[in-house]
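Everything below concerns the one structure shown next.
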Amino acid sequence: MGLFPENSVLKELSLRVLLIAGGVFCLTSLVLLFAGAPPWPAFYHLFVGSLGSWNKVAQVLMVWIPLTLCACGLLYSFRIGLWNIGVEGQVVAGAIASTAVLRFGVESGSPVLLLFLAFAAGLLGGGVWAVLAGFLKTKGGVNEIFGGLGLNFVAQGITLWLIFGPWKRPGVGSMSGTELFPESLWLPSFLSGRFSPVGLAVTVLALAVAAWVLNRTRLGLAFKGIGSNARAAYLHGLNPNTYFIIAMGMAGGCAGLAGSFQVAGVYHRLIPVISSNYGYLALLVVMLANVRISGSPWIAFFFACLNVGSIQLPIVLKLDSALSGIIQGALVLTTLLVYGLRK
C-alpha cells in the first residue's frame, strides 16, 4: 500500500513532463515552420551546439554556474513569499564589489587570497543590495517588485559611471568595460578557459547550503511558515519583517556570488552587461521548478544548453539565435497551461 501513492505521483509527474515537452515541441515547431525553417535540423543543431563536445559542455557549465547561483538565491526569497525582481541588480552589485577588491588589491596580496576576498566581497555586495530592497519594503512600504526594479537601474547606472569614470581604461572610456585583470587574478580554468572547477564547486556548495537551510533548519521552517501565512506566523511569535530582511540578504548573497564569478571567471573585468540577464532568467527557472531546489539545477542546465546551442543557428541554418528565447517562452507558457489544466 505504501508504494501506491509514490507510483501515482511518479505517473502524474511523468505525464506532466510529457505534456510540457510535447507542448514546447509543437509551439516551437510551429514558429519554425512559419519562419520557413525545418524544425528537426534546428533542434539537432541546438543539441550539437550545446552538448556535441566537451568544449561545448564546458561552455554550458559556464552559463549554468551564474544562472544556478541566481536561482539558488531566489529560492530563499520565493520560499518566504517575496518576489525578488531585484536579483539583476544584486548580481551587478556583487560584480562591482569583486572588481573593487581585484583592482585595488592587485599589488598587495597573493592571487588566491585576493580571489577569496573578491568572492567574499561579492557575497556581501549582493546581500547588502538585496537588504536595501528589504528595508524599502519593511520600513518604507515599497513593494519588493518596484523596489527591486528601481535598484536594478541604480546598479546599472553605477556600473556605467565606474566604467566611463573612475575605472575607465587608460586614456579612454569604452563599452568594452574596465581594463583586464592580470591573468594571475583569473579563476583557474580548463578546456581553453571554458570550464572553471572553482565556480562549479562554489555553485554546488551554495545548492547544498540552500537545501540544508530550507529543508533542515528552523530558519527554513520560519521562511515557509511566513510565506504560507505571515499573519499566523506573527501570532506564533515570528516577526515577518525580520525574516524578510534575512531572506533577502541570503538571496542577494547568492546573486552577488554570480556577479563575482562573471568578473573573475568569465569576463575578467567589469562590463556594462555583466549580469547577462541571468537574474531575470533565474526567475523563470525557479518558477518552473515550483520553488523546489531539486528541480532548479536541471532546469537551469536546460536553459544554459539553449543559450549556448542557439549560437549555431545563425551559422548553420541562417536562423536568428533568438530561437532559444522562443523555446524558453514556450516552455514557460506550456508549463503554466499544464498546471492550470491540472488544477
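Between 101, 60, 91, which gets the highest mean-square fluctuation from a Gaussian network model of the chain, Cα cutoff 10 Å?
101
How much length is gained if the chain between residue 30 and residue 332 is pulled fully straight, taking 0.36 nm per residue apart and subtracting their Cα-Cα distance, in nm to one decimal? Kindly include the intermediate steps, with their values, before the conclusion.
On the way: separation 302, 0.36 × 302 = 108.72 nm, distance 1.63 nm.
Going from the current span to full extension adds 107.1 nm.
Enumerate the amide H contacts of residue 169 below 5 Å, restricted to partners 5 or more residues apart or on another chain; note that Pro and chain-start residues carry no placed amide H.
HN-HN under 5 Å from residue 169: 174, 179.
Could you derive backbone 3J(HN,Hα) for region 162-169 from the dihedral phi with the Karplus parameters 6.51, -1.76 and 1.60 (θ = phi - 60°), listing whole Hz in sequence and x where the residue is Gly or Pro?
Couplings: 5, 5, 9, x, x, 9, 5, 4 Hz.
With every protein chain left in place and a probe of 1.4 Å, what is the accessible surface of residue 311, to the nearest 10 Å²?
Number for this one is 100 Å².
In whole angstrom, note down how far apart the Cα centers of region 207-271 and region 296-321 are.
29 Å
Which entry in [x] 143; [y] 124; [z] 169 matches volume of the Cα convex hull per residue in Å³ derived from the coordinates of this structure?
Answer by label: [z].
Give, rounded to the nearest 20 debye, the magnitude of the charge dipole that the chain has about its Cα centre when Lys and Arg contribute +1 at Cβ and Asp and Glu contribute -1 at Cβ. It would help to have the intermediate numbers written out before the result.
Values: 19 positive and 8 negative charges, 122 e Å.
Result for the chain is approximately 580 debye, rounded to the nearest 20.
What FRET efficiency comes out for residue 217 versus residue 48 if R0 is 30 angstrom and r is the Cβ-Cβ distance? Round to the nearest 0.05.
On the way: r = 43 Å, r/R0 = 1.44.
Computed FRET efficiency for residue 217 and residue 48 comes out at 0.10.
With every protein chain left in place and a probe of 1.4 Å, what is the accessible surface of residue 242, to the nearest 10 Å²?
70 Å²
Around residue 148, what is the net charge, scoring Lys/Arg as +1 and Asp/Glu as -1 over all other residues with Cβ under 14 Å from its Cβ? Spell out each step's value before the answer.
Values: positive: 137; negative: 88, 144.
Surrounding charge for residue 148 is -1.
Give the total of Lys-Lys pairs in the chain with Cα-Cα distances below 28 Å; include a pair only if its members are 8 or more places apart or on different chains. Walk me through the numbers before you get to the answer.
Values: 11/224; 11/343; 56/318; 137/224; 139/224; 224/343.
Final tally of qualifying lysine pairs is 6.
Once a ≥ b ≥ c are taken as the square roots of the eigenvalues of the Cα gyration tensor of region 250-343, is the result rounded (a/c under 1.5), prolate (a/b larger than b/c) or oblate (a/b not larger than b/c)?
Numbers: a/c = 2.61, a/b = 1.15, b/c = 2.27.
Judged from the Cα gyration tensor, region 250-343 comes out oblate (a/c at least 1.5, b/c at or above a/b).
Just to check I understand the Karplus step: with θ = phi - 60° and J = 6.51 cos²θ - 1.76 cosθ + 1.60, what whole-Hz values come out for region 247-257, glycine and proline as x?
Here the 3J(HN,Hα) series is 4, 5, x, 5, 5, x, x, 5, 5, x, 4 Hz.
Ranked from the most accessible area to the least, with a 1.4 Å probe and all protein chains present, what is the order of 64, 83, 212? Please list the in-between numbers first.
On the way: 64 25, 83 110, 212 150 Å².
I get 212, 83, 64, largest accessible area first.
Which sequence of 278, 243 reflects their accessible areas, 1.4 Å probe, from the largest down?
Correct descending sequence by accessible area is 243, 278.
When the Karplus curve 6.51 cos²θ - 1.76 cosθ + 1.60 is applied with θ = phi - 60°, which whole-Hz ³J(HN,Hα) does each residue of region 81-95 get, with x for Gly and Pro?
Per-residue couplings from phi come out as x, 10, 8, 7, 5, x, 4, 4, x, 5, 4, 5, 4, x, 5 Hz.
Counting only the heavy atoms of the protein chains, how much of residue 144 is accessible to a 1.4 Å probe, in Å² to the nearest 10?
Counting only protein heavy atoms, the figure is 20 Å².
In terms of modelled amide H atoms, which long-range or inter-chain residues lie less than 5 Å from the amide H of residue 195?
190
Who wins for biggest fluctuation among 15, 205, 115 in a Gaussian network model of the chain, springs between alpha carbons below 10 Å?
Comparing 15, 205, 115 in the GNM, the peak value goes to 15.
Over region 247-343, what is the relative contact order in percent, taking alpha-carbon pairs closer than 8 angstrom and at least six residues apart? Provide the component values of the computation, followed by the final result.
Details: 37 pairs, mean separation 14.3, N = 97.
Relative contact order comes out at 15 percent.
Using only DSSP helix segments of four residues or longer, with each worth -39500 (n - 2.57), what per-residue ellipticity at 222 nm results for the chain after dividing by its residue count and rounding to 500? Don't jump to the answer; show the numbers that get you there.
Numbers: 14 runs with 247 residues, N = 343.
Theoretical 222 nm ellipticity from helices: -24500 deg cm²/dmol.
Choose one answer from 252, 109, 126: the residue with the largest mean-square fluctuation in a GNM of the chain with alpha-carbon springs under 10 Å.
Looking only at 252, 109, 126, the largest GNM fluctuation is found for 109.
Region 199-268: Rg/Rh from Cα coordinates, Kirkwood Rh? Don't skip to the end; give the middle numbers.
Numbers: Rg = 15.1 Å, Rh = 13.5 Å.
Radius of gyration over Kirkwood radius for region 199-268 works out to 1.12.
Averaging sequence separations of C-alpha pairs under 8 Å and six or more residues apart, then dividing by the length of the chain, give the relative contact order as a whole percent. Don't skip to the end; give the middle numbers.
On the way: 538 pairs, mean separation 116.8, N = 343.
Once normalised by length, the contact order is 34 percent.
Working out 0.36 nm times the residue gap between residue 190 and residue 209, then minus their Cα-Cα distance, what length gain in nm do you get to one decimal? Kindly include the intermediate steps, with their values, before the conclusion.
On the way: separation 19, 0.36 × 19 = 6.84 nm, distance 2.62 nm.
The span from residue 190 to residue 209 would gain 4.2 nm if fully extended.
The values are calculated or read from the model by the stated rules, or taken from the named source; none is laboratory data. No experiment lies behind these values; they were computed from the predicted model shown. Cβ coordinates were reconstructed from backbone atoms using ideal geometry, including for glycine residues, and neighbour counts include every protein chain displayed. Quick note on the areas: whole protein, heavy atoms, side chains included, nothing else; ligands and nucleic acids left out. Shrake-Rupley method; radii C 1.70, N 1.55, O 1.52, S 1.80 Å.
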